[in-house]
Amino acid sequence: MNINKILRESEDDSIFVNSDIFNPKYTPENIEYRDEELKQIILNVKPLLNHKKSTNTIIIGNPSTGKTTVMKKALIAIEENTNIPVCYLNCNIQNTKRKCYMELFRNLTQYKLKPNISTESLNNIIMEKLEKEPMIIAIDDANYLPPNEANSFLNEILRIHEYYNSDLCLFIIINSLEFKYSLEKNVSAVFVGEEIYFKEYTKEEVFNILKKRCSLGFREGCITDDQITLISNKCHETGNIRLALTILNQIGKKADKLNEDIISDHIIETVLSKYNK
């Protein structure tokens, strides 16, 4: 194996124009079929610009329906166009109340976080900070928080209005209404918010989304509509658009490994076969 040759190979020889396009965490410039949902999120935040009470929101939808992508797009737009600080909590990572407070602390202050600081001290510092300025908090995959921790954290955050003169806009992103119904009565009583539902993409919408990603991520003409249809059908069958993006990324890498200028049906069949078990 000629390692030096591999290292010297130019990216111009790659079938990819931009492989980041196929990263499920990538936030596209334009998000297809989610204009209304994005608009509603922005409208729910807008009162904060005039120091008025905003609308807390629950965002509901099955996995891979664009909830996270749209929320991140909204937060980026808010950061670029306002002075309102934002904090995005991913409860797959910040999966305890303490970790959520630690992430809020990092977003709200310039202080170095002491490893032995108590959760109560974190809470007090954050609440004092929120008293002085508005903030938007998005809690993604909130259902990954243990029920007792979720109830405790949300209860403390939601009661900011009672104890502090704070302008806070809260978004809770969940996969099903079971999480909402699992909240204790004292939390549900305080959380009065709008619900935004993200419907499943249709088969045609899935195809168009993937075709757009392919036009941005692959060299022109290297993949056909029929091939994209095969992959989009797989995605629609599983309801997982992230899987389709992963498959496209793997297909591109396999084509590069074989020094192919176009993506062959054989490459697609080989990659898809791994997901047919």
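The values are calculated or read from the model by the stated rules, or taken from the named source; none is laboratory data. Computed from a predicted structure; not experimentally measured. Virtual Cβ from ideal backbone geometry, glycine too; neighbours counted across all protein chains shown.
With the structure loaded, tell me whether Ile125 is touching a Ser or Thr at 6+ places or on another chain (Cβ under 8 Å), closer than 15 Å to Cys87 by Cβ, touching a residue at least 12 places away in the same chain (Cβ under 8 Å) and part of a helix (DSSP H, G or I) or whether it fails that test.
Taking the combined requirement at face value, the residue satisfies it.
Need the failing condition index for Asn107 against (1) surrounded by 14 or more Cβ atoms within 10 Å (Cβ to Cβ); (2) of a type outside the set (A, V, I, L, M, F, W, C); (3) in a loop (DSSP other than H, G, I, E, B), just the number.
With respect to (1) surrounded by 14 or more Cβ atoms within 10 Å (Cβ to Cβ); (2) of a type outside the set (A, V, I, L, M, F, W, C); (3) in a loop (DSSP other than H, G, I, E, B), Asn107 is out only on (3).
Quick check: anything in the range 257-266 over 24 Å from Asp13 (Cβ atoms) and either outside the structural domain of Ile15 (by TED's automatic domain parsing) or in a helix (DSSP H, G or I) (or both)?
No.
I'd like to verify a number: residues in the range 70-89 that are farther than 19 Å from Ile172 by Cβ and in contact (Cβ under 8 Å) with a residue 40 or more places away in the chain, how many?
Qualifying residue count, the range 70-89: 1.
Does any residue of the range 222-241 turn out to be surrounded by 14 or more Cβ atoms within 10 Å (Cβ to Cβ), modelled with pLDDT of 85 or more and under 25 Å from Lys39 (Cα atoms)?
yes
Only one residue in Asn92, Asn107 is under 18 Å from the mean Cα position of the chain (by Cα), polar (S, T, N, Q) and within 19 Å of Gly61 (Cα to Cα). Which one?
Just one listed residue meets the conditions, Asn92.
Can you pull out the residues in the range 44-87 that are under 28 Å from Ser182 (Cβ atoms) and assigned to a helix (DSSP H, G or I)? Even if it seems obvious, please write down each step before you answer.
Applying the first criterion (under 28 Å from Ser182 (Cβ atoms)) to the range 44-87 yields 44-45, 53-72, 74-75, 86-87.
Answer for the range 44-87, where residues must be under 28 Å from Ser182 (Cβ atoms) and assigned to a helix (DSSP H, G or I): Asn44, Val45, Lys67, Thr68, Thr69, Val70, Met71, Lys72, Ala74, Leu75.
Consider Thr202 against the criteria (1) hydroxyl-bearing (Ser, Thr, Tyr); (2) within 28 Å of Asp35 (Cα to Cα); (3) surrounded by 13 or more Cβ atoms within 10 Å (Cβ to Cβ): it satisfies all of them except one. Which criterion is unmet?
(3)
So which residues in the range 235-246 are under 20 Å from Thr27 (Cβ atoms) and assigned to a helix (DSSP H, G or I)?
Cys235, Ile241, Arg242, Leu243, Ala244, Leu245, Thr246
Using the structure shown, decide if Lys53 is over 18 Å from the mean Cα position of the chain (by Cα), closer than 14 Å to Ile136 by Cα and among the basic types (Lys, Arg).
Yes: the conditions hold for Lys53.
Which residues, counting only those in the range 91-104, are surrounded by fewer than 18 Cβ atoms within 10 Å (Cβ to Cβ) and not in a helix (DSSP H, G or I)?
Residues satisfying the conditions are Asn92, Ile93, Asn95, Thr96.
Looking only at the range 181-199, decide whether some residue is surrounded by 18 or more Cβ atoms within 10 Å (Cβ to Cβ) and within 20 Å of Ser273 (Cβ to Cβ).
no
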